[in-house]
Ligand SMILES: [Zn+2]
Ligand SMILES: [Zn+2]
């Protein structure tokens with residue numbers, strides 16, 4: 001993900017948070033999507049964690065980045081990138097350093113706001129939904145057409161499980177701060 005995209009996501013998160021009304025949950029429900037996207041956009045290409053001391057290549061415009069300690073490691077990209085293979089061409093990406101700091105700060109603020117109760121409730125309900133869908137998958141397993149429908153549903157469920165919970169995103173943000181200090 002390129003840094004411009006990360007910045008836009010970050011700004012959207014800030015805007016939603018700063019203009020939300022605590023007594024109107026619909027005013028901040030966008031955060032449930034925006035926060036995981038922002039977290040995803042700050043992922044190191046090697047370790048898949050929130051990037052620490054971000055570095056990117058000066059020789060390419062692919063915008064891939066890694067942690068300082070991950071430089072030269074195997075990137076988990078499919079397809080792999082031929083642009084940023086030279087680890088020596090990686091330098092500190094100041095823009096990303098700042099973005100990670102901002103991400104960490106906004107996570108801290110959200111975690112200490114009344115919104116956190118709604119986030120926990122949202123995560124809890126989503127977990128229940130996934131568990132129910134999985135149960136439905138394992139019990140209805142006969143008939144050709146049913147199987148096909150199951151297949152579609154199973155696909156949806158697994159992609160949901162891959163989605164990180166919102167409270168986990170906030171935790172990742174706080175952990176990133178620990179790495180900075
Ligand atoms: Zn890393
Ligand atoms: Zn690349």
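Read-outs throughout are calculated quantities, based only on the coordinates presented, and are distinct from any laboratory measurement. Since the structure is predicted, the reported quantities are computational estimates derived from the model, not experimental observations. Note that we place each Cβ from the backbone using ideal geometry, even for glycine, and neighbour counts take in every protein chain shown.
Relative to the longest principal axis of the Cα atoms of the chain, the long axis of helix 115-139 makes an angle of roughly 60 degrees. Compute the distance in nm between two label points, each set 7 Å from the Cα along the Cα-to-Cβ direction, one at residue 76 and one at residue 117. Placing both labels 7 Å along Cα→Cβ, they lie 3.6 nm apart. For the peptides 98-108, 10-20, the ranking by mean Cβ contacts within 10 Å, running from highest to lowest, is 98-108, 10-20. If the segment from residue 43 to residue 5 were pulled out straight at 0.36 nm per residue, it would be longer than the present Cα-Cα gap by 12.4 nm. In this simple spin-label model, placing a label point 7 Å from the Cα along the Cα-to-Cβ direction at both residue 171 and residue 83 gives a separation of 3.4 nm. Once the Cα atoms of helix 144-162 and of the chain are each reduced to a long axis, what angle between those two axes, in degrees from 0 to 90 to the nearest 10, is obtained? Taking Cα atoms only, the helix is inclined about 40 degrees. Counted residue by residue at 0.36 nm each, then reduced by the alpha carbon distance between them, the extension gain from residue 23 to residue 178 reaches 52.6 nm. Can you tell me how the range 27-132 classifies by the Cα gyration tensor, rounded, prolate or oblate, using a/c under 1.5 as the rounded cut? Note, shape of the range 27-132 comes out prolate.
The calculated 222 nm mean residue ellipticity attributable to helices in the chain amounts to -19500 deg cm²/dmol, summing -39500 (n - 2.57) over DSSP H runs of n ≥ 4 and dividing by all residues. Subtracting the Cα-Cα distance of residue 135 and residue 12 from their residue separation scaled by 0.36 nm leaves 40.7 nm. Going from the fewest other Cβ atoms within 10 Å to the most, the residues 177, 128 appear in the order 128, 177.
In terms of overall dimensions, the chain has a Cα radius of gyration and Dmax of 19.1, 58 angstrom.
Relative to the dominant Cα principal axis of the chain, helix 3-19 is inclined by about 60°.
The peptide list 76-82, 31-37, put in order of mean Cβ contacts within 10 Å with the highest first, becomes 31-37, 76-82.
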